[in-house]
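Any read-out appearing in this document is the output of simple, stated calculations on the displayed coordinates, not a laboratory observation. As the structure is a computational prediction, the values presented were derived from the model and not from experiment. Note: ideal-geometry Cβ built from the backbone for every residue, glycine included; neighbour counts use all protein chains shown.
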Amino acid sequence: MKELVKSGDLGVDLATAFDASPNPYMLVTPDLRYAGVNEAYLAALDTTREAIIGRPVFEAFDAGPGEEGVESVRIVRSSMERVLATGAPDHVALVRFSVPVRDASGAVSHEERYWSASHTPLKNAAGQVLYILQHTTDVTELERLRQRAEAAVEEPVSALEAIVGGNVLERARRVQEDNHRLSVERSRLIDMFMQAPGFVAVLNGPTHIFEMINPAYAQLVGHRPVTGKPVREALPELKGQGFYEFLDDVFATGEPFEGKESLVQLQHTPGGPLTSVYLNFIYQPVRDGDGRITGIFVQGHEVTANVQATQRQKLMIDELNHRVKNTLATVQSIAMQTARSHEDPRTFAESFQSRLMALSHTHDLLTRSHWEGADLAEILRHETEAHDPLRLVANGPPVALGPAAALSLGMIFHELATNAAKYGALSNPDGRVFVDWSVADQTDRRLTIEWRELDGPPVAAPTRRGFGSRLIERNVRHDLGGEARLDYAPAGFHAELSLPLDRGHD
Amino acid sequence: MTQALEGRTILVVEDESLVAMLLETILEDMGCATLGPVSTIDEALAVIADGSAFDGALLDVNVAGKEVFPVAAALKERGVPFVFSTGYGEGGLPEEWRGHPTIQKPFTEDAVQQALMRVLGASA
């Protein structure tokens, strides 16, 4: 202790004075190790300086057996921790600690004793706590008196006993219990606050100074140091987004404010780019005992993923609706055009159905690839599978087509094959169809498809352009941005389709 | 009643040829001539810019994945009446064009005719 306590000009060695005191004293470091003890302390614990200096206090210390001992250690430790946290003295009104007692023969037993302790911080010039001074008073006799008074309520008690037993100590004990209960409650609340899955912040005063934030809030604001700063300084990027004003209103009016799926532009990293997040939150005014608003409690959680999922779902439903309605309009068109070239309801139904099936086949192919596209040969195979594969010879490289081009070519192949089966090379036993395709120019790719019919019946150009040929020409030109040449040569029908492959909007 | 539209020329902007063919047939039945049909926004803007003569337009809202509104704005500026066609329903139009005459896909001949008469100022 000599090196720790300066006697100054008093002319008295304070360390010696401490040693002479009948009250046990000790000094602990902020990491709760013994820095110094006086003689009374050593005597009470039946130990030596050498044995305990530098050791952790709660290692050397034994409050005795049972749960109560553990609780006593906790009470003393949390009192010391409060001193470290607040820099202010803290008192433990009553705590039970067993002490070793040596009898005449030198045998050691434990005796239960009651103590009252105070913990006082010793600080340096900068205000940091260097040591905690523990002053302990043995109040065992007083406590015993109280207990006796309580056990024998029928018996008359002395005035002193009534005062001591019934009043002062009991009050001290209750205060101690209350303190303990409150401190447990407070730390439980703080634990909950800190572990809450949502973000929590406590703002103080009219400028909304951050008093406390939990880890979820820290994460939301990119772990910036915001504590102790007004919100306008701590989160400058919120300017113009309305949140400062909502806080001002809540503080001024006392009316809570609730944000639902509120879009916030926040910096997830200091100085970094703004990120859009959606939050559900509440600004709840905090009032003091007199009802005055002292601050705002902020609580909420991020709902960005939910909002985005809802937006995606809406987009998908819109897109689905668009596609379904477009498909219905397509079917409507097929029905109307087919009806105009078929006066007989039976041939209309047959022709209409086969066109519908052609559309449906390509849909099946596209569904398999999650509507990313389909291969040209696959589409051709699907649309011509009703015909003898030996008589319809396909030859060309793999060509990936987007959904729109796939649907168009599906319809086109269907019309060509139907025409061949009705009037062309597939309408007699000997005719054959050759379908060849190639892709030219790898940078600005162009697909050329040739449909050649051989050995069919003699060909005559149709007198009237039917829906099929109009559909082919229009589809290639309009939907695919290409060209179609249909040649009704006497030796066999010949079609040449040429279209760009990378139009970019499939 | 179709006489009100007879002889008019209508620009058709529609990316699906089958739907365009349907509109053409409907227009033909009403005695209208079709300009186009065009299948992209750029083609539609080019037709408007080159001063082609037409009396009205039918605009598919989603043209090959793009919104047709630049074309609508160009037509409005030139004072040419037009009708939107869409599969999205009324809610598919942005604030600026909400309430503008719109036909829903799939459409009936009556719906096309009435919408065109409404914007062309012809009475039934």
Task: Mean Kyte hydropathy of 0.0 or more with a Cα span along the axis of at least 20 Å, helices from DSSP in chain A - done: A:403-422
Task: Distant alpha-carbon pairs in the protein assembly as shown (separation over 36 angstrom), percent - done: 65
Task: Nearest-0.05 FRET efficiency for A:Ser369 and A:Asn204, computed from C-beta distance (R0 51 Å) - done: 0.30
Task: Relative contact order [Cα under 8 Å, 6+ residues apart], segment A:274-392, whole percent - done: 13
- [ ] Could you run the Karplus curve 6.51 cos²θ - 1.76 cosθ + 1.60 with θ = phi - 60° over segment A:428-437 and give me ³J(HN,Hα) per residue in whole Hz, x for Gly and Pro?
- [x] 10, x, 10, x, 9, 10, 10, 10, 10, 9
- [ ] Calculate how many DSSP beta bridges within the protein assembly as shown are antiparallel, expressed in % of all such bridges and rounded to the nearest 5.
- [x] 80
Task: Calculated FRET value between B:Gln114 and A:Asp487, using beta carbons and R₀ = 41 Å, to 0.05 - done: 0.45
Open item on the list: Restricting to bridges with both residues inside chain B, how much of the DSSP beta-bridge set is antiparallel, in percent to the nearest 5?
Closed with: 10
TODO: Counting only C-alpha contacts under 8 Å and six or more residues apart, can you give the relative contact order of segment B:1-79 as a whole percent?
DONE: 36
Task: Spin-label model distance (nm) - A:Asn428 vs A:Ala305, 7 Å beyond Cα toward Cβ - done: 6.9
Open item on the list: Assuming 0.36 nm per residue, please report the length gained on full extension of the stretch A:Phe297 to A:Glu211 beyond their Cα-Cα distance.
Closed with: 30.0 nm
TODO: Using the Kirkwood radius over Cα pairs, work out the Stokes-Einstein diffusion coefficient for segment A:14-138 at 25 °C and 0.890 mPa s, in µm²/s as a whole number.
DONE: 164
TODO: Calculate how large, on average over all directions, the projected area of the Cα convex hull of chain B is; give the answer in nm² to one decimal.
DONE: 6.7
TODO: Counting helices only, and only those DSSP H runs with n ≥ 4, report the 222 nm mean residue ellipticity of the protein assembly as shown as the sum of -39,500 (n - 2.57) divided by its residues, in deg cm²/dmol to the nearest 500.
DONE: -12500 deg cm²/dmol
TODO: Using the Cα centre as the reference, give the magnitude of the dipole from point charges on the C-beta atoms of chain A (Lys, Arg: +1; Asp, Glu: -1; all else neutral), rounded to the nearest 20 debye.
DONE: 1400
- [ ] Using only C-alpha positions, report the orientation-averaged shadow area of the convex hull of segment A:196-302, nm², one decimal.
- [x] 6.2
- [ ] Hey, could you get me the Stokes-Einstein D for segment A:343-500, Kirkwood radius over alpha-carbon pairs, 25 °C and 0.890 mPa s, rounded to whole µm² s⁻¹?
- [x] 154
Open item on the list: Let me test this: with uniform point scatterers at the alpha carbons of segment A:292-343, what is the Debye-based log₁₀ I(q)/I(0) at q = 0.21, 0.22 1/Å?
Closed with: -0.83, -0.85
Task: Calculated FRET efficiency for the pair A:Thr347/A:Gln442, C-beta based, R₀ 45 Å, to 0.05 - done: 0.50
Task: lysines with Cα under 28 Å of A:Lys229, excluding same-chain neighbours fewer than 8 positions away - done: A:Lys123, A:Lys239, A:Lys260
